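Asker: Before I ask anything, let me first share the structure, which is written out below as structure tokens.
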Amino acid sequence: MPRPALSATRSVDIINFLANFPGRSFSLSEIVRAVKINVASCHAILKALADVGYLTKSAKGAYCLGPVLIAVGEASLKSQTLVARAKEAAQELYEDLRVPVLMSALVGDEIVAIIAIHEEGRGTGIEVGERRPLVPPVGAPFIAWASDPAIDAWLAKASPDQDKALVEKWRQGLALIRQRGFQVTARSPESSEFAALIAQMAAGHKVIGYKDQMMHLVGSLGDRLSQLETIQPDELYDIQLIAAPIFDREGGCAFNLCLGGFAGKLKGASIQSYADRLVRACLQIIRADRAAQL
């Protein structure tokens, strides 16, 4: 395969970095340290991106995402009809349930938040533009529907030494997701700490070396899915996220639609009700998209 142009990958790295911290501006030196590009190259790329409106440079020399990216995003919805339909469905879910809704996409070795609908101060824990590395336990509701080689590669990240017991436990967890048609992630002390650190990073703290920090944070979540093996109707559960798959026209799990940010603990019956509503929404999105193809 052809090697990617270095300037192109560096431009993407800069845009992705700024997208991870929306609402903030960064100086040249901060961007250099965060994305690990030398000063001369970084300055040239920033100027080129700012000249076409992909970035905006303030009078003080700080950079943030530019207005042209808004137009690019709106235009992409005309090409990404599945995402456009999912955006409408996500809005309907939010209006019906009054629960924060998230849509994420699988892009290479990362998961990217592309739609987030919620009231101020009550989200799902990830905002539009933010990325998470596809490293266990992150990504289970995507990987559960993947090919055997993709599952094996993901499991290898969880257990580089191929601990058979651990690998089998993860396989059973993925099988449970497929059986249910959705994943229910329970809140854990590790996930709460993870969310707090992410919030600090979003507020501008610990930004430098954010990718390395993210990998460390994901590693701190441990070697379990934190999903409910059983759901009893009258039991109370502290739930972080409910996720269901959206399959593209090739049959791959390209997106997840999620509910999260619940105000309190949920009874098992409520969890099942939320999950059923979520899965129905995903199926409607898929059917509408495939019908449009005919």
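The values are calculated or read from the model by the stated rules, or taken from the named source; none is laboratory data. What you see is a predicted model, and the numbers here were worked out from it, not measured in a lab. Cβ atoms come from the backbone with ideal geometry, glycine included; neighbour counts cover every protein chain shown. These area figures cover heavy atoms from the full protein model, side chains too; ligands, DNA and RNA do not enter into them. Shrake-Rupley method; radii C 1.70, N 1.55, O 1.52, S 1.80 Å.
Asker: How much length would be gained if the chain were fully extended between S41 and A59, taking 0.36 nm per residue of separation minus their Cα-Cα distance, in nm to one decimal?
Answerer: Additional length available on full extension: 4.4 nm.
Asker: What is the distance, in nm, between label points placed 7 Å from the Cα along the Cα-to-Cβ direction at S7 and at V68?
Answerer: 1.4
Asker: Along Cα→Cβ, 7 Å out, is where each label goes; now give me the distance between the ones at L97 and A153 in nm to one decimal.
Answerer: 3.0
Asker: First check a/c for region 1-74, with a ≥ b ≥ c the square roots of the eigenvalues of its C-alpha gyration tensor; if it is under 1.5, answer rounded, and if not, answer prolate when a/b is larger than b/c or oblate otherwise.
Answerer: Judged from the Cα gyration tensor, region 1-74 comes out oblate (a/c at least 1.5, b/c at or above a/b).
Asker: Which of the lysines could a cross-linker bridge to K78, judged by Cα under 17 Å and excluding same-chain residues fewer than eight apart?
Answerer: K87
Asker: Another question about this same structure. Run the reach check for K265 against aspartates and glutamates, Cα to Cα strictly under 12 Å, same-chain hits fewer than 8 apart removed. What comes back?
Answerer: Reachable aspartates and glutamates: D234, E235, D238.
Asker: Order the peptides 254-262, 179-187, 267-275 from the highest to the lowest mean number of other Cβ atoms within 10 Å of their residues.
Answerer: Working: 254-262: 24.0, 179-187: 19.3, 267-275: 17.0.
Ranked from most to least packed, the peptides come out as 254-262, 179-187, 267-275.
Asker: In whole Å, what is the distance between the alpha-carbon centres of region 229-289 and region 21-87?
Answerer: So the separation of the two Cα centres works out to 33 Å.
Asker: Report the one residue of I31, P67, G125 whose Cα lies farthest in the direction of the positive end of the charge dipole of region 14-128 (charges on C-beta: Lys and Arg +1, Asp and Glu -1; origin at the Cα centre).
Answerer: I31
Asker: Taking only protein heavy atoms and a 1.4 Å probe, what accessible area per residue, in Å², does region 30-159 have with all protein chains in place?
Answerer: 49
Asker: What are the lysines whose alpha-carbon lies under 16 Å from the alpha-carbon of K157, with same-chain residues fewer than 8 places away excluded?
Answerer: K169
Asker: Still on this structure: Kindly state, to the nearest 0.05, the FRET efficiency for V167 paired with T230, given R0 = 30 Å and r defined as their beta-carbon distance.
Answerer: 0.85
Asker: Points 7 angstrom from Cα along the Cβ direction at R287 and S79: gap in nanometres?
Answerer: For R287 paired with S79, the spin-label model returns 3.0 nm.
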